[in-house]
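A.B. asks: Pasting in a structure now, in structure tokens, and then I'll have a few things to ask.
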Amino acid sequence: MSFKINKLPYSYDSMEPYIDKTTMEIHYTKHHMNYFNNLNKTLKDINLKHENIEKLLENNIDNKSIRNNGGGFYNHNLFWDILKPVNSCCEVNNISSILENNIKINFGSLDNFKKKFHEFALNCFGSGWTWLCLTNNKKLEISSTSNQDNPLMFNINSSIKKYPILGLDVWEHAYYLKYQNRRFDYINAFWHIVDWKKVSNKYELIISNL
Ligand code: MN3
């Protein structure tokens, strides 16, 4: 059984001016597609059956191709999912009070959370991702991972399990055409296109299963 790829639910130019059309198009049709194809090829080659992408990543960290390509496939799916087109209506994209309350408990305020997340994203050395995760003890944690790793991959060896609800791609391919070396500006731009409703839905789904 192979994974299916979702079409982007918006056009490549719908994140303008925060993420440019060419970057979105190359990012989705080349980078994401490559991870997707390589993941399915690997699963076919080793004849591996799997339940879902999360379990696959949690249980196969020692397989380099699953780690890199499965990670890339999962990470980008999450990233596309939590972005909203610039011209979409604002109120439907609002954060839920239940998530905002937990952010206040863990970070003091939504603004403080964004500042702290920004620091992590800026200081993520080389290529990687910065995450907001819900933990199995119902806390919210910010972390960064290298390459196409994500926090799910480290759950199996940890008593604290982390489940991503928000992720930012800080590989240069995600921003270089428009921002060149200015990752700082790219991170600031990101907040304009986060779909907080989607992030809230992920939060609520995960917490209801803890
Ligand atoms: Mn990417």
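The values are calculated or read from the model by the stated rules, or taken from the named source; none is laboratory data. Keep in mind the model is a prediction, meaning the values are calculated, not measured. Cβ sites come from the backbone with ideal geometry, for glycine too, and all protein chains shown count toward neighbours. Note: areas computed on protein heavy atoms with side chains; ligands, DNA, RNA excluded. Shrake-Rupley method; radii C 1.70, N 1.55, O 1.52, S 1.80 Å.
A.B. asks: From the phi of every residue in segment 12-29, what ³J(HN,Hα) in whole Hz does the Karplus formula 6.51 cos²θ - 1.76 cosθ + 1.60 yield, where θ is phi - 60° and glycine or proline is x?
C.D. replies: Those phi angles translate into 4, 8, 7, 9, 5, x, 7, 10, 6, 4, 4, 4, 4, 5, 5, 4, 7, 7 Hz.
A.B. asks: What range in the chain is the longest one free of trypsin sites (Lys or Arg not before Pro) that are in a loop by DSSP and have at most 13 other Cβ atoms within 10 angstrom?
C.D. replies: Details: sites that count: Lys4, Lys7, Lys49, Lys138, Lys139, Arg182.
Value returned for the longest uninterrupted segment is 50-137.
A.B. asks: Considering only protein heavy atoms and a probe of 1.4 Å, how much of the accessible area of segment 145-205 is carbon and sulfur, as a whole percent?
C.D. replies: Values: 1360 of 2600 Å².
The value for segment 145-205 is 52 percent carbon and sulfur by accessible area.
A.B. asks: Would you mind checking Lys44/Lys161; Lys49/Lys197; Lys64/Lys197; Lys4/Lys30 for any pair whose Cα atoms are more than 22 angstrom apart? Walk me through the numbers before you get to the answer.
C.D. replies: Numbers: Lys44/Lys161 29 Å; Lys49/Lys197 33 Å; Lys64/Lys197 34 Å; Lys4/Lys30 16 Å.
Beyond 22 Å between Cα atoms: Lys44/Lys161; Lys49/Lys197; Lys64/Lys197.
A.B. asks: Using the heavy atoms of the protein chains alone and a 1.4 angstrom probe, what is the accessible area of the chain per residue in square angstrom? Show your work: numbers first, answer last.
C.D. replies: Working: 10650 Å² over 210 residues.
Using a 1.4 Å probe on heavy atoms only, each residue of the chain averages 51 Å².
A.B. asks: Further question: Roll a 1.4 angstrom probe over the protein heavy atoms and tell me the percent of accessible area of segment 86-133 that is carbon or sulfur. Present the calculation step by step, with values, prior to reporting the outcome.
C.D. replies: On the way: 1420 of 2670 Å².
The nonpolar share, carbon plus sulfur, comes to 53 percent.
A.B. asks: Please tell me the relative contact order of the chain in percent, rounded to the nearest whole number, where contacts are Cα pairs under 8 Å and at least six residues apart.
C.D. replies: Numbers: 295 pairs, mean separation 51.7, N = 210.
Result for the chain is 25 percent.
A.B. asks: First select every other residue whose beta carbon is under 12 angstrom from the beta carbon of Ser208; then total the charges, Lys and Arg +1, Asp and Glu -1.
C.D. replies: On the way: positive: Lys138, Lys202; negative: Glu204.
Surrounding charge for Ser208 is +1.
A.B. asks: For segment 6-106, state which GluC sites (Glu not before Pro) are in a DSSP loop and have at most 10 other beta carbons lying within 10 Å of their beta carbon. Spell out each step's value before the answer.
C.D. replies: On the way: sites: Glu25, Glu51, Glu54, Glu58, Glu91, Glu100; in loops: Glu51.
The qualifying sites are Glu51.
A.B. asks: Give, rounded to the nearest 20 debye, the magnitude of the charge dipole that the chain has about its Cα centre when Lys and Arg contribute +1 at Cβ and Asp and Glu contribute -1 at Cβ.
C.D. replies: Values: 25 positive and 21 negative charges, 64 e Å.
Roughly 300 debye for the chain.
A.B. asks: Let me ask another. Tally Lys and Arg at +1 and Asp and Glu at -1 over the other residues with C-beta under 9 Å from the C-beta of Trp129: what net charge comes out?
C.D. replies: Details: positive: none; negative: Asp149, Asp169.
Summing Lys and Arg as +1 and Asp and Glu as -1 gives -2.
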